[in-house]
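Asker: This is the structure I want to talk about, given as C-alpha cells.
The values are calculated or read from the model by the stated rules, or taken from the named source; none is laboratory data. None of the values given here were measured: they were computed from a predicted structure. Note: ideal-geometry Cβ built from the backbone for every residue, glycine included; neighbour counts use all protein chains shown. Keep in mind that these areas ignore ligands, DNA and RNA; they rest on the heavy atoms of the full protein, side chains included. Shrake-Rupley method; radii C 1.70, N 1.55, O 1.52, S 1.80 Å.
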Amino acid sequence: MQIGFTSTTFKLLQPDEICALGAKAGADCIEWSEPHIPDPARARAIAVRCADAGIACNSLGSYYRVGEDDAAHWETLCQTAAAMGAVRIRVWLGKKGSEKTSEAEYAALLADAERMLRVAVGFGLVVAAEAHQNTYNDSCESSLRFLRELNNPAFGTYFQSLYLDLPADLERLAQTFAHIFAAHVSFSEVRRNRLMHLLPPERDCVDRIVRALCERDFRQPLLLEYCQCCGQRAFFEDMARLRELVKDGEAAHG
C-alpha cells in the first residue's frame, strides 16, 4: 500500500516546504488540503514539484460538504484535483450527525452526491467522505446506509479512528472495507488521548489498525494525519514507524 500523509499536518508551511519534508520522509503520496492548493494553477505547479520528488498527489482534501449544492465551487475543486493529477476528492458528508439528520435532509445529501459524482466522473475522479463526527458519516450503520442507497462505486468512505473505542472502529473497518478509498491514522491523537486518560496505555491502536488493513490486503493509501506539536522530528519518527508497521504487517500476511 502507499504510505503518505495529509498536508494539513503542516498547516502553516508552504507547499514547497511540505513536499520537501515528504521527500525526506520517503512518502509515497500526499493528500493536499484545499487551503494549500486553492486553484488549478497552484495545483499544476505543486504536481510538478512532487513528481520531481517521486511523490504522488493522489487526493485533494477538500472541506466541501455534501448538501451544499454549490455547483461552481464543486466544479473548481474537480478542476483543481484533476490539474494536480489526483484520483480522489475527500469531502464531508453533510453538517449534522446521523442521528440529527432528518429524512428530508438525508434525501438532499443523496441528491447532491449524485450531482457531484456526475461532475467528478467527468474529470476522472472518485469522491470519498471523511469519517467524521457531526457529519452523516459518523457511524458504521449510517455510512453503510448512505453507500448502499447511493449505490455508486465512485463514492466511498475514509477510515479513521477517534482512538476511544478501538473494537468498534475495527468492526467498522471490517464492515465498510470494500468502500474504503483511503485510511487516516495518527500517533499523536493516541498520545493525546493517553495524556487525557481517555485511553489505556497498553492499547497499541495504530498498530492494530495497520494489522487489520494488512490482513485484508489493503491497496489504498494509508495517510498519517497530524504529528505531535506539528514538529518535524515527530513527523519523521511517525512516518518511519508507520512504514515499519506496514512492512511487518505485509510480511505476516503476504
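Asker: Residues with amide H under 5 Å of Ser33's amide H, sequence separation 5 or more or different chain, H placed in the peptide plane at 1.01 Å from N; which?
Answerer: Excluding prolines and chain starts, which carry no amide H, the hits are Ser7, Thr8, Gly61.
Asker: Here is a follow-up. How many percent of the alpha carbon pairs in segment 27-124 exceed a separation of 24 Å? Walk me through the numbers before you get to the answer.
Answerer: Numbers: 1272 of 4753 pairs.
The calculated P(r) of segment 27-124 puts 27 percent of pairs beyond 24 Å.
Asker: Among Gly97, Gly122, Gly67, which one shows the highest mean-square fluctuation when the chain is modelled as a Gaussian network with alpha-carbon springs under 10 Å?
Answerer: Highest fluctuation among the options: Gly122.
Asker: If you don't mind, there's one more thing I want to ask. Mind checking which helices in the chain clear 24 Å along their axis (Cα) and have mean Kyte-Doolittle hydropathy of 0.0 or more, DSSP H runs only?
Answerer: Details: long enough: 103-122 (29 Å, 0.39); 232-253 (31 Å, -0.70).
Both cut-offs are met by 103-122.
Asker: I've got another one for you. Quick one: which of 14-20, 205-211, 28-34 comes out on top by average Cβ neighbours within 10 Å, and what's the full order, highest first?
Answerer: Going from most to least packed, we get 28-34, 205-211, 14-20.
Asker: Could you look at segment 9-75 and say what percent of its accessible area is carbon and sulfur, using a 1.4 Å probe and all protein chains? The partial results should precede the final answer.
Answerer: Details: 1570 of 2960 Å².
Answer for segment 9-75: carbon and sulfur cover 53 percent of the accessible area.
Asker: Express the relative contact order of segment 59-182 as a whole percentage, based on alpha carbon pairs under 8 Å and six or more residues apart in sequence.
Answerer: Values: 185 pairs, mean separation 30.2, N = 124.
That works out to 24 percent.
Asker: For Thr157, which sequence-distant residues (separation of 5 or more, or a different chain) have an amide H within less than 5 Å of its own amide H, given hydrogens modelled in the peptide plane?
Answerer: Close amide H contacts, sequence-distant or interchain: Ala129, Ile180, Phe181.
Asker: Here's something else I'd like to know. Please give the per residue accessible area of the chain, computed with a probe of 1.4 Å over protein heavy atoms only, in Å². Working shown, then result.
Answerer: On the way: 11580 Å² over 254 residues.
Heavy-atom SASA per residue in the chain reads 46 Å².
Asker: Right, another one. How many nm is it between the label spots at Leu164 and Val119, if each spot is 7 Å from the Cα in line with the beta carbon?
Answerer: With each label placed 7 Å out from Cα toward Cβ, I get 3.3 nm.
Asker: A further question on this structure: Amide H neighbours of Asn137 under 5 Å, counting only residues 5+ apart in sequence or on other chains, H built in-plane at 1.01 Å?
Answerer: Placed amide hydrogens put Leu93, His132 under 5 Å from Asn137.
Asker: Another one. By how many nm would the segment from Asp217 to Glu68 grow when fully extended, if each residue of separation counts as 0.36 nm and the alpha-carbon distance is taken off?
Answerer: Values: separation 149, 0.36 × 149 = 53.64 nm, distance 3.51 nm.
Going from the current span to full extension adds 50.1 nm.
Asker: How many angstrom lie between the Cα centre of segment 40-74 and the Cα centre of segment 119-169?
Answerer: 19 Å
Asker: Just from its helices, what would the mean residue ellipticity at 222 nm be for the chain, if runs of 4 or more DSSP H residues each count -39500 (n - 2.57) and the sum is divided by every residue, rounded to the nearest 500 deg cm²/dmol? Intermediate values should be presented prior to the final figure.
Answerer: Values: 9 runs with 122 residues, N = 254.
It lands at -15500 deg cm²/dmol.
Asker: Here's another thing I want to ask about it. Please give the length that would be gained between Cys230 and Glu17 if that part of the chain were fully extended, namely 0.36 nm times their separation in residues minus their C-alpha to C-alpha distance (nm, one decimal). Walk me through the numbers before you get to the answer.
Answerer: Numbers: separation 213, 0.36 × 213 = 76.68 nm, distance 1.34 nm.
Roughly 75.3 nm would be gained on extension.
Asker: Normalised by the number of residues in the chain, what is the relative contact order in percent for Cα pairs under 8 Å and 6+ residues apart?
Answerer: Details: 420 pairs, mean separation 49.5, N = 254.
Dividing the mean separation by the residue count of the chain yields 19 percent.
Asker: Which one of Pro15, Pro40, Gly67 has its Cα pushed farthest toward the positive end of the charge dipole of segment 1-120, where Lys and Arg give +1 and Asp and Glu give -1 at the Cβ?
Answerer: Pro15
Asker: (i) 18.3, 61; (ii) 17.6, 49; (iii) 20.2, 69: which one is Rg and Dmax of the Cα atoms in Å as calculated from this entry?
Answerer: Label (ii) holds the value from this structure.
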